[in-house]
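Report on one structure; see the data block that follows.
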Amino acid sequence: MSTTGATKAYDQAYFDKWYRHPRHRVKSAAELARQAAFVLRTAEFVLGRPVRTVLDVGCGEGQWRAALRRHRPSVHYDGVDPSAYAVARYGARRRLQLGGIESLDTLALRDEYDLVICCGMLNYLDAAALTRGVAQVARRTGGVAYLELFAREDAFEGDTDWPAPKPAQWYRDLMHEAGLLAIGMQCYVTQAARDRVSALEHLETSA
């Protein structure tokens, strides 16, 4: 969704267009519901218990909060986004803080979360910011991180005013350097938690 230091205006008009306009919106409510259910269940499979804490980085207006709480009404949700509009309007009700992926270490957040979500925002970052940000995400990941990223080889649509995507291998190397192990479908665990998933689910390439 949005990033620290971005020049794009993440105001109400932006969210109205990409989240609510029937022709431009990135995904419908039903699509978000399916995505949230999948991510939640994947994290719970890895953890072996219900998800209790969620950090949503680049959360926008915090739409994931309601989608997750339909399944886990008591889940603790923290959202972080650099949109002054979104935080001013929804911050108190939806637990949103003003900030970005590079400022996680400076915010009032938990040390670890069962589930960390970065959905629809990582491609807006340049290479240096992405590298710094993913390292901070890894430090907060106590269960599963869902990191939605599109590589040069992918087809994508929506708001694609991004830096040119890197090849998939570049992102694989980045995750490995940050201490994150790919387990498929854009989900990751930390290298320290690799024994939570079977060897065949380790999708990293050989050195």
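The values are calculated or read from the model by the stated rules, or taken from the named source; none is laboratory data. The shown structure was predicted, so the numbers you read here are calculated from the model rather than taken from an experiment. Cβ: placed from backbone, ideal geometry, glycine included. Neighbour counts: every protein chain shown. For accessibility, only protein heavy atoms count, side chains too; no ligands or nucleic acids. Shrake-Rupley method; radii C 1.70, N 1.55, O 1.52, S 1.80 Å.
A 1.4 Å probe over all protein chains sorts GLU31, GLU148 by accessible area into GLU31, GLU148, starting with the largest. If R0 is 45 Å, the Cβ-Cβ spacing of ARG49 and ARG172 corresponds to a FRET efficiency of close to 0.95.
The length gained by stretching the chain between ALA29 and HIS71 to full extension, at 0.36 nm per residue less their Cα-Cα distance, is 13.6 nm. On a per residue basis, region 68-111 carries 52 Å² of accessible surface, using protein heavy atoms and a 1.4 Å probe.
For region 79-125, the dipole from Cβ point charges (+1 on Lys and Arg, -1 on Asp and Glu) about the Cα centre works out to 380 debye, to the nearest 20. For region 142-194 versus region 45-92, the inter-centroid distance based on Cα atoms is 20 Å. Going by the alpha-carbon gyration tensor, a ≥ b ≥ c the square roots of its eigenvalues, is region 26-162 rounded (a/c under 1.5) or, if a/c is not under 1.5, prolate (a/b greater than b/c) versus oblate? Rounded. Calculated FRET efficiency, ASP111 to MET185, Cβ-Cβ distance, R0 = 41 Å: about 0.95 to the nearest 0.05. Each residue was assigned an accessible area with a 1.4 Å probe, and for ILE183 the value is about 30 Å². Annotation: ASP195 carries an accessible surface of approximately 130 Å², with a 1.4 Å probe and no ligand, DNA or RNA atoms counted. Rounded to the nearest 10 square angstrom, GLU102 shows an accessible area of 50 square angstrom against a 1.4 Å probe. The order of TRP64, TRP162, TRP170 by accessible area, most exposed first and with a 1.4 Å probe, is TRP170, TRP162, TRP64.
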